[in-house]
């Protein structure tokens, strides 16, 4: 049981770390850009991106099931618990990364649609 707590704590750290990358701004060509308007547009586009569904929970649950099955097959009951914990951590991290990548795409597309030349 103590190991599950460690796995869940690690998952929380990974998920929190993934969220920090979202707030970075895309790189744009600043030529001819009103930077005050750009700041306003970035804030609006980031707000729109918050509509992206969080994928971490579903990925964690799926990872826990798969990890539990593999652990159960290879190591019995204790292996199932360990496998579920590892699967939840890796699945949750994968879901968090996918969510943040999708948010980044939404922000970049939003800025492109407003006429900015997004370079990254």
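Here, each number is a calculation from the coordinates, and none is a lab measurement. The shown structure was predicted, so the numbers you read here are calculated from the model rather than taken from an experiment. Virtual Cβ from ideal backbone geometry, glycine too; neighbours counted across all protein chains shown.
Cβ separations smaller than 7 Å between residues 6+ apart or across chains give the following pairs from segment 24-40 residues that are touching a residue at least 60 places away in the same chain (Cβ under 8 Å) to residues that are exposed (fewer than 11 other Cβ atoms within 10 Å of the Cβ): 26/120; 27/119; 27/120; 28/119; 29/119. Residue count for segment 106-120 under the criterion of being within 10 Å of residue 26 (Cβ to Cβ) and within 15 Å of the chain's Cα centre (by Cα): the result is 1. Here is the figure for segment 26-36: residues that are outside any loop (DSSP other than H, G, I, E, B) and within 22 Å of residue 105 (Cβ to Cβ) total 1.
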